[in-house]
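What follows is a set of notes on a single structure, which appears directly below.
Only the coordinates and a few stated rules stand behind these numbers; no lab work does. What you see is a predicted model; the values in this text were computed from it and never measured. In this analysis, Cβ positions are derived from the backbone assuming ideal geometry, glycine residues included, and neighbour counts consider all displayed protein chains.
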């Protein structure tokens, strides 16, 4: 696949780079989860990553249950609102199950921490988390992910679920603002 071009952005990872990282991540996660694990996609950015990760886990013989949690902390801006808003809650019971939170990117960790709190309150016996991109953060995060596919630079990112005011999420690679 040829490199894509997006005006004002530089490609950091190609679709092939993304696929390799997801495959490697699935190899790390598969031994730590069971088919009764509930994989929880953090909407909306996590959709692209969770689809690829679930397929990669299936190829490793793992078939976790699926659910989603719709949280937002950015609205359409480039900076966090400093709070997490809940738009849709979990549908699947977590009592006594392991939960695997899946998100596209982590910065402050507020969304991940809120999702972990909700999963724990819903009865999860263990909460693991995975993000595709982990951006550097100047202080201790609210929660660190257990698994990370890519240590991202401290730049504004789009593609593979990450957006600019709702656009560019569907790009198969990852791009940074020039």
Among bridges DSSP assigns within the chain, what percent are antiparallel (round to 5)? 35 percent
Can you put 44, 120 in order of Cβ neighbours within 10 angstrom, beginning with the fewest? 120, 44
Residue 120 and residue 155 label points (each 7 Å along its Cα→Cβ direction) are spaced in nm at 3.6 nm
Please provide three numbers in whole Å: the alpha-carbon extents of segment 15-152 along the principal axes, with the largest listed first. 39, 37, 25
Relative contact order (%) - the chain, alpha-carbon pairs under 8 angstrom, separation at least six: 26 percent
Tilt of helix 110-121 relative to the longest C-alpha principal axis of the chain, in degrees (0 to 90, nearest 10)? 10 degrees
Which one of 113, 140, 99 has the biggest mean-square fluctuation once the chain is modelled by GNM with Cα springs under 10 Å? 140
Could you check how many percent of all C-alpha pairs in segment 110-178 are farther apart than 19 Å? 44 percent
Quote to one decimal, in nm, the extra length available between residue 167 and residue 95 on full extension: 0.36 nm per residue of separation minus the C-alpha distance between them. 22.3 nm
Simple spin-label estimate for residue 28/residue 177, 7 Å along Cα→Cβ, in nm, reads 2.8 nm
Cα→Cβ-extended label distance, 7 Å offset, between residue 70 and residue 10, nm: 3.7 nm
